[in-house]
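Below is one structure, written out as structure tokens; the observations come after it.
FYI, it's all coordinate maths here, none of it is from the lab. Not measured: the values here are computed from a predicted model. FYI the Cβ positions are ideal-geometry reconstructions off the backbone, even for glycines, and counts take in every protein chain you see.
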Ligand code: URQ
Ligand code: ZN
């Protein structure tokens with residue numbers, strides 16, 4: 001089935017971010033070739049016809065934030081790029097964006113090449129790489145220029161947390177943002193104050209708080225909010241577009257919303273975890289349950305947070321959804337059984353993001369089906385310069401499509417999910433909105449519960465710099481919005497002599 005070159009999807013309702021319509025879709029050689037009412041293609045042996053009556057035909061999801069094969073403690077990892085992308089397509093996601101993260105003092109290009117060597121033979125859907133900037137020098141600047149010009153990277157992530165590991169200071173942020181602006185890239189930030197976290201963690205441990213609740217207590221909302229505001233200020237001072245990854249708190253989301261209303265070019269990315277569950281889990285009496293939710297920034301104990309983030313997502317204060325999928329089994333989390341600072345950070349999400357956003361966003365009446373497509377796919381494609389190749393069902397677009405049953409339900413469980421991790425943070429959640437068929441690159445990779453994904457079938461998607469969606473305002477401002485000196489008569493009076 002995976003080798004079929006032609007697919008005709010009949011009788012469904014296409015949902016793009018700007019329009020829904022009852023039309024058929026014809027796919028050939030990995031591309032959408034035709035769209036129209038009652039398309040009439042003669043059936044052949046190499047054609048699959050899918051009856052989508054009563055179903056939605058949507059652009060496959062783009063998960064803007066994954067960490068597959070994340071090399072914690074050297075080379076150990078739980079989910080490689082095959083396992084991760086299989087879980088993605090099982091959930092209706094057809095493209096993932098991962099992070100190449102160099103250690104401080106090491107080459108960004110080597111990290112990029114390393115991540116590509118891991119991903120290329122493994123991915124079963126298309127992918128791209130953001131690259132992290134974890135230190136600063138002229139060499140880093142040159143490498144960013146090369147990555148943007150020759151390697152298809154138009155987004156760089158800076159960590160304001162993880163002191164001594166990945167964290168950069170304000171001057172380094174300023175320099176990295178300036179470089180992003182000059183090369184037409186989007187600056188991404190992990191927004192948390194790493195110095196405050198380090199001090200807070202010492203304080204919690206000194207109080208005898210060693211369990212996962214200490215993880216949230218040492219980095220409350222304001223620690224995320226302060227860094228978010230600082231990143232917005234620094235980015236704005238160099239007129240650089242900013243993308244705040246994993247927005248976890250109401251306060252941080254409000255800062256992004258205000259910045260957007262002031263006209264700043266800022267985007268916020270809540271994640272499935274933050275939209276589907278909350279930080280009360282850190283107080284769970286079962287250590288394994290509580291530790292399974294540890295991630296940075298943490299989930300927030302205010303139980304109204306997920307709905308609030310969804311509301312901001314619905315009205316364009318926040319822009320896209322990712323997952324920060326970075327999974328660890330209980331025996332790996334247990335590295336921190338006596339000290340929460342040693343619990344590896346990260347949760348699942350890549351498989352369940354689409355269903356969680358549908359359930360909590362669309363089924364609950366907060367957003368409509370078109371906004372669902374915007375926040376799960378199209379906006380990511382626009383921001384990262386892949387639109388309309390990705391994020392849209394249109395003639396000429398990549399055939400990355402999910403056929404969605406909005407009425408069916410499924411119950412999320414670690415017993416049935418396609419991820420390698422032994423815990424699912426959405427365990428027991430009943431979700432309306434079920435992916436029936438996922439088509440990635442013109443191949444049926446998932447159908448009615450059966451995976452038919454082949455490792456290496458996905459492609460690396462290079463992205464050009466200066467995406468219009470992000471940069472047209474930025475570049476225009478450069479031309480018209482520069483401060484000018486006041487022309488005065490020179491002062492010719494007396495000047496005191498300093499002793
Ligand atoms: O912070 C991240 O983005 C990665 C490195 C780890 N995952 C997490 O806890 N958010
Ligand atoms: Zn992060």
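Values computed for the structure shown
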quantity: Those residues of the range 55-77 which are part of a loop (DSSP other than H, G, I, E, B) and either within 16 Å of ligand 1 (Cβ to nearest atom) or without any contact (Cβ under 8 Å) to a residue 24 or more places away in the chain (or both), in sequence order; calculated: 67, 68, 69, 70, 71, 73, 74, 75, 77
quantity: Filter pass, residue 349 being crowded, with 23+ Cβ neighbours inside 10 Å, part of a loop (DSSP other than H, G, I, E, B) and on the phi > 0 side of the Ramachandran plot; calculated: yes
quantity: Filtered residue count, the range 362-390, keeping only those that are in a helix (DSSP H, G or I) and under 17 Å from the mean Cα position of the chain (by Cα); calculated: 13
quantity: Segments classed as strands (runs of 3 or more DSSP E), wholly inside the range 85-203, with at least 3 members that are surrounded by fewer than 17 Cβ atoms within 10 Å (Cβ to Cβ); calculated: none
quantity: Verdict on residue 270 being within 16 Å of ligand 2 (Cβ to nearest atom), at negative phi and out of contact with any strand residue (DSSP E or B) (no Cβ under 9 Å at 6 or more places or on another chain); calculated: no
quantity: Of the criteria (1) within 16 Å of ligand 1 (Cβ to nearest atom); (2) within 29 Å of residue 307 (Cβ to Cβ); (3) buried (at least 23 other Cβ atoms within 10 Å of the Cβ), which one residue 241 fails; calculated: (1)
